[in-house]
Amino acid sequence: MEGRRIVEDMTVIENLRLGAYTRTDNEVEQDIEMVFDYFPRLKERTGLAGYLSGGEQQMLAIGRGLMSEPAMLIMDEPSLGLSPLLVEQMFELVLQINQDGLPILLMEQNAVQTLAIAHRAYIIENGTIAKQGPADALARDPELRKNYLGL
């Protein structure tokens with residue numbers, strides 16, 4: 001799937017282990033279980049990653065990123081191409097990962113849902129920061145609601 005960079009000819013487990021290839025500790029298997037806790041659906045999918053749905057491939061891509069034990073998880077449009085139900089689940093998951101202690105830098109066009117879970121937000125228009133501040137304050141800004149959120 002475009003942008004997710006999963007290896008379709010490898011299994012889910014192999015893709016997850018690929019995310020930990022630079023690690024030298026002995027906790028890779030424990031972290032695979034942590035990814036399965038976040039994404040129970042992936043535990044059910046033991047076959048090749050190329051047979052996963054778009055949402056499952058997105059879960060795998062995020063899980064693979066978590067396997068590297070990042071200091072910050074950077075996500076670019078994680079809701080792209082997902083059904084509305086999966087978008088909702090994706091935002092809940094992003095919030096949960098953040099609440100579990102991992103800082104997340106999220107680039108997303110879905111401004112309403114992003115502002116609902118973000119701490120701080122930057123609205124970028126034509127490559128320039130048009131607005132910035134605490135996400136809850138931006139979500140209440142009448143100009144932003146009208147011009148960017150269509151509310």
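The values are calculated or read from the model by the stated rules, or taken from the named source; none is laboratory data. Keep in mind that this is a model prediction, so the values were computed, not measured. Reconstructed Cβ throughout: ideal geometry from the backbone, glycine too, with neighbour counts over all protein chains shown. Accessible surface areas use protein heavy atoms only, side chains included; no ligands, DNA or RNA. Shrake-Rupley method; radii C 1.70, N 1.55, O 1.52, S 1.80 Å.
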Rounded if a/c is under 1.5, else prolate if a/b beats b/c, else oblate: with a ≥ b ≥ c from the C-alpha gyration tensor eigenvalues square-rooted, which is the range 53-97?
prolate
Per its Cα gyration tensor (rounded if a/c is under 1.5, else prolate when a/b beats b/c, else oblate), the range 1-114 is best filed as oblate
Percent antiparallel among DSSP beta bridges with both residues in the range 45-151, to the nearest 5?
60
Label-to-label distance, nm, for residues given as T46 and R23 (7 Å Cα→Cβ offset):
2.1
Phi to ³J(HN,Hα) by Karplus 6.51 cos²θ - 1.76 cosθ + 1.60 over the range 44-49, Hz, x for Gly, Pro
6, 9, 9, x, 5, 5
What is the sum of charges, Lys and Arg at +1 and Asp and Glu at -1, for the other residues whose Cβ falls under 10 Å from the Cβ of S79?
-3
Relative contact order of the chain: what whole-number percent is it, with Cα pairs under 8 angstrom and at least 6 residues apart?
19
Show me the ranking of peptides 71-77, 14-20, 60-66 by mean Cβ neighbours inside 10 Å, starting with the highest.
60-66, 14-20, 71-77
Accessible area, probe 1.4 Å, largest first, for residues T11, T24:
T24, T11
Evaluate the charge dipole of the chain about its Cα centre and quote only its size in Debye, nearest 20, assuming +1 on the Cβ of each Lys and Arg and -1 on the Cβ of each Asp and Glu.
420
Rolling a 1.4 Å sphere over the protein heavy atoms, what is the accessible area per residue of the chain, to the nearest Å²?
61
Nonlocal amide H pairs with I123, under 5 Å, H built at 1.01 Å:
A130, K131, Q132
Ranked by accessible surface with a 1.4 Å probe, highest first, in what order do D37, D136, D25, D31 come?
D37, D136, D25, D31
Tally up the carbon and sulfur contribution to the accessible surface of the chain as a whole percent, 1.4 Å probe, everything protein left in place.
52
Applying a 10 Å radius around every beta-carbon, put 85-95, 120-130 in order of their mean neighbour count, most first.
85-95, 120-130
Between R120 and K146, what's the calculated FRET efficiency when r is the beta-carbon distance and R0 is 25 Å? Round to 0.05.
0.70
